[in-house]
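Heads up, the thing below is written out as structure tokens.
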Amino acid sequence: MMITPRPQDAKHKNQLLRLLRAILKNNLLSNNLQFKGGTYAALRGVLDRFSVDLDFDLPNSDKKSAIKQKCYQIFNQLQLEIKDQSPDHLQFFLKYETKPNERNTLKLEINDQPSIHNQYQKVHLRELNMYCQGHTLETMFANKLVAATARFDKNHKIAGRDFYDLHQFFLQGLGINQAVVEDKTKMNLTNYLKKLTIFIDKKLTPKLLNQDLNSLLPPEKVREILPVLKPELIVFIQDEIKRQN
């Protein structure tokens with residue numbers, strides 16, 4: 001279940017779920033989009049942090065134009081203003097009315113080039129009492145493993161939440177869709193995990209983690225996790241490498 005947001009973030013969560021419900025109620029979108037990402041993981045009960053975006057796969061890229069037009073209709077119905085959007089991809093930054101200095105923008109991103117090895121399933125989202133099509137937990141874990149370094153390779157930025165999520169998924173003993181990791185990284189899983197361990201050891205700092213997580217977790221949770229996240233995550237990955245061998 002999604003973590004209870006701080007009072008200043010309650011409006012954002014409401015807008016996020018409002019948009020999600022509209023997407024899932026629309027036949028075109030619900031039949032073609034596959035839910036994924038942090039909000040999906042939280043709604044599935046495998047992630048305990050606040051999540052601010054909505055992410056989907058679109059396996060059938062032929063539907064891209066129709067999906068885009070339907071999204072525009074929904075944004076208009078919900079009075080969400082398009083603050084910015086990608087010219088090439090289905091990525092929208094949507095603004096809603098709020099008080100000054102409060103969070104006022106949510107991102108909707110639809111990936112029309114997912115791995116052919118992604119696996120999907122029908123899932124009941126209890127908090128919404130609605131069904132969706134989404135990543136299997138193994139596929140979700142695999143894509144998060146890849147994202148941990150891909151974000152840095154693309155724009156030289158590190159998102160602390162990626163590593164918090166990995167820590168949570170390892171703690172819960174989730175399996176990994178090996179084919180996805182190998183497809184996206186062009187490396188076998190063991191070698192990629194070794195690369196990831198080195199990356200975490202060299203690049204991940206308490207400062208980076210704190211900067212990202214302090215708006216997504218209660219302060220006491222941040223204080224609790226900061227000292228242990230990096231060393232525990234490295235141990236978890238090394239243990240997974242041993243299992244692969």
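The values are calculated or read from the model by the stated rules, or taken from the named source; none is laboratory data. Since we're looking at a predicted model, the values are computed, not measured. Here Cβ is always computed from backbone atoms with ideal geometry, including for glycine, and neighbour counts include all displayed protein chains.
What pairs come out if I take residues in the range 40-53 that are closer than 20 Å to R18 by Cβ and in the same structural domain as L16 (by TED's automatic domain parsing) and pair them with residues that are among the aliphatic types (A, V, I, L, M) and assigned to a helix (DSSP H, G or I) whose C-beta lies under 6 Å away, six or more apart or interchain?
S51/A42
Of L128, L94, which residue is modelled with pLDDT of 95 or more, part of a strand (DSSP E or B) and in contact with a Lys or Arg (Cβ under 7 Å, 6 or more places away or on another chain)?
L94
Hey, can you tell me all the residues within the range 54-74 that are without any contact (Cβ under 8 Å) to a residue 24 or more places away in the chain and not polar (S, T, N, Q)?
If the condition is that a residue be without any contact (Cβ under 8 Å) to a residue 24 or more places away in the chain and not polar (S, T, N, Q), then D62, K68, Y72 are the ones that fit.
Out of the range 210-245, which residues are in contact (Cβ under 8 Å) with a residue 60 or more places away in the chain and more than 21 Å from the chain's Cα centre (by Cα)?
E232, E240
What is the one condition in (1) outside any loop (DSSP other than H, G, I, E, B); (2) touching a residue at least 40 places away in the same chain (Cβ under 8 Å); (3) assigned by TED's automatic domain parsing to the domain that holds L24 that D165 does not satisfy?
(3)
Looking at the range 20-51, which of the residues that are crowded, with 20+ Cβ neighbours inside 10 Å and among the β-branched types (V, I, T) is farthest from E127 (Cα to Cα)?
Filtering first and then ranking leaves I23.
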